[in-house]
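This report refers to the structure that appears directly beneath it.
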Amino acid sequence: MRQSWRTLLLVSWLPWLITACQPQESDDLHRWMDEVRQRFHPVPIAVPVVSPAPEFRYQASDRTDPFDLSRLALNESGSAHNAAQPDLHRPREPLESMPLDTLRLIGNLRRGKEAIALIQADKLIYSVRVGAHLGLDLGKVTAIHDKAVDIEEWVADSTGQWIRRQTQLVLQEKK
(Lines give C-alpha, C1' and ligand atoms only; values in the text may rest on other atoms or scores of the structure.)
Protein backbone atom coordinates (compact mmCIF):
# COMPACT_ATOMS: atom_id res chain seq x y z
CA MET A 1 0.00 0.00 0.00
CA ARG A 2 2.76 2.36 0.86
CA GLN A 3 4.52 1.54 -2.34
CA SER A 4 1.46 2.41 -4.38
CA TRP A 5 1.11 5.83 -2.76
CA ARG A 6 4.71 6.62 -3.58
CA THR A 7 4.26 5.50 -7.13
CA LEU A 8 1.09 7.52 -7.48
CA LEU A 9 2.74 10.61 -6.02
CA LEU A 10 5.75 10.24 -8.31
CA VAL A 11 3.61 9.69 -11.40
CA SER A 12 1.43 12.74 -10.61
CA TRP A 13 4.39 15.09 -10.06
CA LEU A 14 6.56 13.79 -12.89
CA PRO A 15 4.91 15.74 -15.77
CA TRP A 16 5.11 18.96 -13.78
CA LEU A 17 8.85 18.44 -13.07
CA ILE A 18 9.59 17.64 -16.69
CA THR A 19 7.87 20.76 -18.01
CA ALA A 20 9.59 22.98 -15.42
CA CYS A 21 13.04 21.91 -16.62
CA GLN A 22 12.34 22.48 -20.33
CA PRO A 23 13.43 25.74 -21.96
CA GLN A 24 10.43 28.01 -22.15
CA GLU A 25 9.72 30.40 -24.91
CA SER A 26 9.61 33.83 -23.38
CA ASP A 27 7.61 35.56 -26.05
CA ASP A 28 6.89 38.61 -23.93
CA LEU A 29 10.62 39.19 -23.30
CA HIS A 30 11.48 38.87 -26.99
CA ARG A 31 8.60 41.14 -27.91
CA TRP A 32 9.76 43.81 -25.42
CA MET A 33 13.37 43.64 -26.69
CA ASP A 34 12.15 44.15 -30.28
CA GLU A 35 10.13 47.20 -29.22
CA VAL A 36 13.10 48.74 -27.46
CA ARG A 37 15.35 48.20 -30.48
CA GLN A 38 12.80 49.92 -32.73
CA ARG A 39 12.34 52.94 -30.45
CA PHE A 40 15.98 53.73 -29.68
CA HIS A 41 18.64 54.19 -32.31
CA PRO A 42 22.22 54.96 -31.29
CA VAL A 43 23.42 58.32 -32.57
CA PRO A 44 27.15 58.65 -33.17
CA ILE A 45 28.78 61.65 -31.50
CA ALA A 46 30.99 63.82 -33.64
CA VAL A 47 34.42 64.20 -32.08
CA PRO A 48 35.88 67.69 -32.56
CA VAL A 49 39.10 67.92 -34.51
CA VAL A 50 42.00 69.03 -32.31
CA SER A 51 44.41 71.45 -33.89
CA PRO A 52 48.10 70.74 -33.25
CA ALA A 53 49.87 72.91 -30.66
CA PRO A 54 52.13 75.61 -32.08
CA GLU A 55 55.85 74.85 -32.02
CA PHE A 56 57.93 76.79 -29.48
CA ARG A 57 61.66 77.35 -29.90
CA TYR A 58 63.89 78.55 -27.06
CA GLN A 59 65.40 81.77 -28.48
CA ALA A 60 67.18 83.12 -25.38
CA SER A 61 70.75 82.27 -26.40
CA ASP A 62 72.13 84.89 -23.99
CA ARG A 63 70.36 83.22 -21.04
CA THR A 64 71.32 80.07 -19.15
CA ASP A 65 70.34 76.88 -20.91
CA PRO A 66 67.98 75.01 -18.54
CA PHE A 67 69.14 71.67 -19.98
CA ASP A 68 72.89 72.23 -19.59
CA LEU A 69 74.19 69.23 -17.60
CA SER A 70 77.61 70.75 -17.07
CA ARG A 71 76.05 73.11 -14.49
CA LEU A 72 75.33 70.09 -12.32
CA ALA A 73 78.91 68.78 -12.44
CA LEU A 74 81.16 69.31 -9.45
CA ASN A 75 83.23 72.45 -9.56
CA GLU A 76 86.80 71.38 -10.22
CA SER A 77 88.31 74.86 -10.15
CA GLY A 78 91.15 75.79 -7.83
CA SER A 79 88.90 78.03 -5.74
CA ALA A 80 86.91 74.97 -4.60
CA HIS A 81 90.03 73.38 -3.13
CA ASN A 82 91.07 76.60 -1.39
CA ALA A 83 87.61 77.18 0.17
CA ALA A 84 87.08 76.47 3.86
CA GLN A 85 86.17 72.90 4.61
CA PRO A 86 85.96 70.68 7.69
CA ASP A 87 88.71 68.37 8.86
CA LEU A 88 87.44 64.99 7.74
CA HIS A 89 90.47 63.08 9.01
CA ARG A 90 90.28 63.96 12.73
CA PRO A 91 89.17 61.30 15.22
CA ARG A 92 85.42 61.24 15.86
CA GLU A 93 83.87 62.02 19.25
CA PRO A 94 81.05 59.95 20.80
CA LEU A 95 78.31 62.56 20.25
CA GLU A 96 79.08 62.77 16.51
CA SER A 97 77.32 59.45 15.92
CA MET A 98 73.97 60.88 17.08
CA PRO A 99 71.61 63.29 15.28
CA LEU A 100 71.11 66.69 16.94
CA ASP A 101 67.40 66.09 17.46
CA THR A 102 68.20 63.16 19.78
CA LEU A 103 70.53 65.28 21.94
CA ARG A 104 69.08 67.24 24.86
CA LEU A 105 70.72 70.12 26.71
CA ILE A 106 69.89 69.61 30.38
CA GLY A 107 72.10 72.26 31.99
CA ASN A 108 75.53 73.84 32.23
CA LEU A 109 78.34 74.40 34.71
CA ARG A 110 80.86 77.20 35.04
CA ARG A 111 84.40 76.95 36.42
CA GLY A 112 85.75 80.45 36.40
CA LYS A 113 85.43 81.58 32.79
CA GLU A 114 85.13 78.07 31.35
CA ALA A 115 81.59 76.89 30.58
CA ILE A 116 80.63 73.22 30.37
CA ALA A 117 77.31 72.08 28.87
CA LEU A 118 75.60 68.91 30.06
CA ILE A 119 74.02 67.03 27.17
CA GLN A 120 71.89 63.92 27.51
CA ALA A 121 71.95 61.24 24.81
CA ASP A 122 70.62 57.69 25.20
CA LYS A 123 70.15 58.10 28.98
CA LEU A 124 73.81 59.09 29.36
CA ILE A 125 75.01 62.58 30.25
CA TYR A 126 78.04 64.03 28.47
CA SER A 127 80.02 67.12 29.42
CA VAL A 128 80.78 69.30 26.41
CA ARG A 129 83.17 72.26 26.13
CA VAL A 130 83.61 74.90 23.44
CA GLY A 131 85.35 73.25 20.49
CA ALA A 132 83.76 69.83 21.05
CA HIS A 133 82.12 68.09 18.09
CA LEU A 134 78.60 66.68 18.01
CA GLY A 135 75.80 65.76 15.58
CA LEU A 136 75.90 64.00 12.23
CA ASP A 137 76.69 67.15 10.20
CA LEU A 138 80.22 67.73 11.56
CA GLY A 139 78.93 70.13 14.23
CA LYS A 140 81.30 72.07 16.47
CA VAL A 141 80.34 73.89 19.69
CA THR A 142 81.17 77.59 19.24
CA ALA A 143 79.62 79.05 22.41
CA ILE A 144 77.87 77.94 25.59
CA HIS A 145 75.22 80.26 27.03
CA ASP A 146 73.00 79.89 30.10
CA LYS A 147 70.08 78.36 28.16
CA ALA A 148 71.58 77.38 24.80
CA VAL A 149 74.63 75.95 23.04
CA ASP A 150 75.66 77.46 19.69
CA ILE A 151 76.76 74.92 17.08
CA GLU A 152 78.36 75.46 13.69
CA GLU A 153 77.71 72.61 11.24
CA TRP A 154 79.29 71.83 7.88
CA VAL A 155 76.91 70.78 5.10
CA ALA A 156 77.80 69.93 1.50
CA ASP A 157 75.64 71.70 -1.12
CA SER A 158 74.60 70.28 -4.50
CA THR A 159 77.89 71.33 -6.13
CA GLY A 160 80.05 69.66 -3.46
CA GLN A 161 81.02 72.93 -1.75
CA TRP A 162 81.02 73.00 2.05
CA ILE A 163 78.67 75.52 3.66
CA ARG A 164 78.61 76.54 7.32
CA ARG A 165 75.24 76.42 9.04
CA GLN A 166 74.49 77.84 12.48
CA THR A 167 72.15 76.04 14.87
CA GLN A 168 71.44 75.86 18.59
CA LEU A 169 70.71 73.28 21.21
CA VAL A 170 68.25 74.92 23.62
CA LEU A 171 67.74 74.04 27.29
CA GLN A 172 64.61 71.92 27.68
CA GLU A 173 63.10 72.42 31.11
CA LYS A 174 60.74 69.84 32.53
CA LYS A 175 57.16 71.02 32.95
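The values are calculated or read from the model by the stated rules, or taken from the named source; none is laboratory data. Remember, it's a predicted structure, so these values are computed and weren't measured experimentally. All Cβ positions, glycine included, derive from the backbone under ideal geometry; neighbour counts span all protein chains shown. Just so you know, the surface numbers come from the protein's heavy atoms only, side chains and all, with ligands and any DNA or RNA stripped out. Shrake-Rupley method; radii C 1.70, N 1.55, O 1.52, S 1.80 Å.
General remarks:
- Efficiency of FRET from Cβ geometry, residue 31 and residue 51, R₀ 45 Å, rounded to 0.05: 0.35
- You can think of it this way: the chain between residue 150 and residue 87 has 20.8 nm of extra reach, that is 0.36 nm per residue less the Cα-Cα gap.
- Sequence of 145, 41 when ordered by accessible area, the most exposed leading, probe 1.4 angstrom: 41, 145
- Sites count as exposed loop sites when they are chymotrypsin sites (Phe, Trp or Tyr not before Pro), lie in a DSSP loop, and have at most 11 other Cβ atoms within 10 angstrom; the longest stretch of the chain without one is 68-175.
- 1.4 Å probe accessible area per residue over the chain, in Å²: 86
- Per-residue ellipticity at 222 nm from helix content only, as computed over the chain with -39500 (n - 2.57) for each DSSP H run of at least four residues, stands at -7000 deg cm²/dmol.
- Rounded, prolate or oblate (a/c below 1.5 giving rounded, otherwise prolate when a/b exceeds b/c) for the chain by Cα gyration tensor: oblate
- Taking the chain as the region of interest, the number of lysine pairs whose Cα atoms are within less than 21 Å, with members eight or more places apart or on different chains, is 7.
- Angle in degrees between helix 27-39 and the longest Cα principal axis of the chain, rounded to the nearest 10: 60
- Mean separation of Cα contacts under 8 Å, 6 or more apart, over the residue count of the chain: relative contact order %: 15
- When the charge dipole of the chain is built from unit charges on Cβ atoms (+1 for Lys and Arg, -1 for Asp and Glu) and taken about the Cα centre, the candidate among 136, 67, 17 whose Cα reaches farthest toward its positive end is 136.
- With respect to the chain, whose longest principal axis is taken over its alpha-carbon atoms, helix 2-21 is tilted by about 70°.
- Backbone HN-Hα couplings from phi across region 127-140 [Karplus 6.51/-1.76/1.60, Hz, Gly and Pro as x]: 9, 10, 10, 4, x, 6, 10, 7, x, 7, 9, 6, x, 9
- Of all accessible heavy-atom area on region 112-175, the percent that carbon and sulfur account for (1.4 Å): 51
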